[in-house]
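Student: Okay, here's the structure, questions in a sec.
The values are calculated or read from the model by the stated rules, or taken from the named source; none is laboratory data. For clarity, every value in this text was computed on a predicted model and none was experimentally measured. Note that each Cβ is placed from the backbone with ideal geometry, even for glycine, and that neighbours are counted across all protein chains shown. Please note that ligands, DNA and RNA were not included when accessible areas were found on the heavy atoms of the full protein model with its side chains. Shrake-Rupley method; radii C 1.70, N 1.55, O 1.52, S 1.80 Å.
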Amino acid sequence: MKYIIKKLLTLILTLFFISVLVFLIFQVIPGDPALSILGTEATDEQVEALREQLGLNDPMPKRYFNWLTGVLTGDLGKSYRYQESLNEQMAVSRLIAGKLPVTLTLAGLSLLLIIIFSIPIGILWGGTKSRALDGVLNVLSQFTMSVPSFFLGIIIIYVFGLIMRWFTPGGYVSYREDFWGYIRYMLFPAITVAVPKVAMTAKFLRNSIITQLKSDYVRTAYSKGARRFRVLFVHVLKNAMIPVVTFIGIIAAEIAAGSIVVEQVFGLPGIGRLLVSSISTRDYPVVQALMLYIVSAVVIVYFVVDILYRYIDPRVEEQ
Amino acid sequence: MKKVKSESRTKGQISDAMNKKSNKKGSKRTNAYFISGAVITIAFVVLMLVGLIHTPYDPNAMSGAEKFSSPSLSHIMGTDNFGRDIFSRVLKGISMTGLVAVSTVAIGGSIGTIVGAITGYYGGIVDEIVMRINDALNGFPSILIALIIVSIIGPGKYNVILALGILFIPSFARIVRSEYISLKERDFVKSARLMGAGDMRIIFRHIFPNVRSTLFVTITIGFNNAVLAEAGLSYLGIGIQPPDASLGNMLSDAQSYLFTAPWYAIMPGMTIVLFVLGFSLLAEGIRIKDEGEND
């Protein structure tokens, strides 16, 4: 319990530093937000009035706390580019809330696929005595990890979308309209995200199993007459899985970024695509909010993994 | 602070498990990795140099009559939506990607090595601060950090090099630092100091040669990551900008014509795969080789 509280305090501190950093980065960017909103035709008085209204003339610490209060109450400012109606800019929080489900579905589905496939493959790979199988899996994983996700996505679109016609490329349907159609479409981007990570996780599990197979308790189990199958599943696996849990945590954090590219490939209206388009149109309030969101998500995932790790392996000593 | 510490602990275990490959499988396979990696990499270096001086066609010459011709003897990789020769553009793309990779690894590697060497050797408060920043950055997916930097300084060739260069500093610094920490207590360093060698001399003349082989693996992996990152950013349209050909932006153009001209996507795509595969096989080969020697 003490450990969790300690971790929680560190998490809050880390999040605070992140917020300061994200705030400062966008102070350094050249360009006047008031001017960006009003356009170049605005008069100096209009710009000055808007600067005053947005609080841009306040001293920096005050602006930071105003911004932070906004963030904590769900007010992330307004987008420069997206409009709610003719005279009203879209609120960033609304913009993100609309895109979040897509990204979360993609992340969840891919994580599920990673766990379902990597663990059996890893066990088979680590447990096998066949050098041929080991070699084949090794080459296969090396190759898989070299394929960039956008190219893999294009191949999947070509093979499954255009030739096999299992889905319509670009034919994204919202989950509100047709839930199963949505899942069906999301499955292919999720496979794209998952394939290289399955290779990485399986390889990691294999190395972990091989390390464990060399330990003393394995020899003891064998000398007591246990069969290889029993040793592998009853004795080794429990220990071998411990570092894998952390590894999957890191993978989960990476998916947050990996999906940026894959969303672009499959034309999914998620967070990643919003980030990329906002960067190209220099829609800084959106970029700032998304950066804060993604970085915080990564930190929180690591926090959860740390807690889980301790729960699974009580040997982890308190520092 | 403590959180970061425990994070680096779990990371350490992970890299341990990663490194613990079965060593018994002799040097035969080592050579297979190393040789195939070296062959592919050398081939790409040659293609890159060729691409800088000569391409069979002008990579930007358009030809309405030859739109989407499939691979043939005159255009071995076919032509694209403007009738441009894909092979010539792939060659240019390899040169561009190679250029970006070399520059980024040079920036990240040199600054990272110096930072790692000095912080590892001296330790103390500066080391603490630098490594905390390092750990924090290390936790984040690299494409995200690249995106953040590009969003601040804008897209384009030189900005991509700068962004990826900065991005690579922490990984080099971390690895070099840990080598220096373990090496600085060794007898040869103590005797050099007794002989009156100054700190700078010890850091660069005595310790550095011992770090080289680790550094070599890191550099190879760095190339691998640089190629992937550049291609990724260019694919997203915030890396190398047209009319400069890059493997990434070719792929993003090709995606719209996937049905009519699949080769347009496959050629640059497979080029990236081979490019990356070469470096990763090479790194794996060197690593297994080193491990074999240390056993």
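Student: For chain B, with a Gaussian network of springs between Cα atoms less than 10 Å apart, report the residue from B:103, B:234, B:72 with the top mean-square fluctuation.
Tutor: Ranking B:103, B:234, B:72 by mean-square fluctuation puts B:72 first.
Student: Restricting everything to alpha-carbon atoms, can you work out Rg to Rh for the stretch A:33-179 with a Kirkwood hydrodynamic radius?
Tutor: Taking Rg over the Kirkwood Rh, I get 1.19.
Student: Quick one: among A:232, A:106, A:268, which has the greatest mean-square fluctuation in a GNM of chain A with alpha-carbon springs under 10 angstrom?
Tutor: Comparing A:232, A:106, A:268 in a Gaussian network model of chain A, the most mobile one is A:232.
Student: While we're here: Starting from one equal scatterer on each C-alpha and no solvent at all, send me the Debye-based log10 I(q)/I(0) for the stretch B:72-211 at q = 0.12 Å⁻¹, two decimals.
Tutor: -0.64
Student: Per 10 Å bin, what is the whole-percent P(r) computed from every C-alpha pair distance within the protein assembly as shown?
Tutor: Going out from 0 Å in 10 Å bins, the protein assembly as shown shows 3, 14, 24, 27, 20, 9, 3, 0, 0 percent.
Student: Here is a follow-up. Lys and Arg at +1, Asp and Glu at -1: add these up for the other residues within a Cβ distance under 10 Å of residue B:74 and post the number.
Tutor: -2
Student: Decide, for the stretch B:24-113, between rounded, prolate and oblate: order the square roots of the alpha carbon gyration tensor eigenvalues as a ≥ b ≥ c, take rounded if a/c falls under 1.5, and otherwise choose prolate if a/b is larger than b/c, else oblate.
Tutor: Note, shape of the stretch B:24-113 comes out oblate.
Student: Starting from the Cα gyration tensor of the stretch A:191-270, take the square roots of the eigenvalues, sort them a ≥ b ≥ c, and report rounded, prolate or oblate (rounded when a/c is under 1.5, otherwise prolate if a/b is larger than b/c, else oblate).
Tutor: Prolate, because a/c is 1.5 or more and a/b exceeds b/c.
Student: Provide the descending list of Cα extents for the stretch A:161-220 along its principal axes, expressed in whole angstroms.
Tutor: Computed over the Cα atoms, the extents are 58, 26, 14 Å.
Student: Under the rule of -39500 (n - 2.57) per DSSP H run of 4 or more residues, summed and divided by the residues of the protein assembly as shown, what mean residue ellipticity at 222 nm is obtained, to the nearest 500 deg cm²/dmol?
Tutor: Taking each H run of at least 4 residues, the total per residue is -25000 deg cm²/dmol.
Student: Can you tell me the orientation of helix A:179-213 relative to chain A, as the angle in degrees between its alpha-carbon axis and the longest Cα principal axis, to the nearest 10?
Tutor: 50 degrees
Student: Distance from the Cα centre of the stretch A:122-186 to that of the stretch B:125-182, in angstrom?
Tutor: The stretch A:122-186 and the stretch B:125-182 have Cα centres spaced 31 Å from each other.
Student: Could you give P(r) for the stretch A:2-93, binned at 10 Å from zero, as whole percent values over all Cα-Cα pairs?
Tutor: 14, 38, 30, 11, 5, 1
Student: Now a separate question. Can you send over the solvent-accessible area of residue B:75, 1.4 Å probe, protein chains only, in Å² to the nearest 10?
Tutor: Only protein atoms counted, so the area is about 10 Å².
Student: Separate question: Can you give me the angle between helix A:131-146 and the longest principal axis of chain A, using Cα atoms only, in degrees from 0 to 90, rounded to the nearest 10?
Tutor: In chain A, helix A:131-146 runs at an angle near 10 degrees to the longest axis.
Student: If you find the alpha carbon centre of the stretch A:191-234 and of the stretch B:236-272, how far apart are they in angstrom?
Tutor: 40 Å
Student: Which helices of chain B meet both criteria: a Cα extent of 24 Å or more along the helical axis and a mean Kyte-Doolittle score no lower than 1.0, with helices taken as whole DSSP H segments?
Tutor: The answer, listed by residue number, is B:26-53, B:86-122, B:157-183.
Student: Would you mind pulling out the separation of the Cα centroids of the stretch A:39-73 and the stretch B:31-110, in Å?
Tutor: 49 Å
Student: Let me ask something else. Show me you know the interface measure: the accessible area buried between B and A, both chains summed, probe 1.4 Å, in Å² to the nearest 100.
Tutor: The B and A chains share an interface burying roughly 5000 Å².
Student: What do you get when you divide the Cα radius of gyration of chain A by 2.2 N^0.38 Å, with N the number of residues?
Tutor: Rounded to two decimals, the normalised Rg is 1.24.
Student: Which whole-percent values make up P(r) of chain B when all C-alpha to C-alpha distances are grouped in 10 Å steps starting at zero?
Tutor: Calculated P(r), rounded to whole percents: 6, 23, 29, 23, 12, 5, 1, 0.
Student: Hey, another quick one. In the structure displayed, which of B:92/B:289; A:7/B:289; A:2/A:214; A:197/B:157 lie more than 31 Å apart, Cα to Cα?
Tutor: B:92/B:289; A:7/B:289; A:2/A:214
Student: Could you work out which residue, out of B:133, B:219, B:181, moves most in a Gaussian network model of chain B, that is, has the largest mean-square fluctuation with Cα springs under 10 Å?
Tutor: B:133
Student: Largest first, what is the accessible-area ranking of A:6, B:67 with a 1.4 Å probe?
Tutor: Largest to smallest exposure gives the sequence B:67, A:6.
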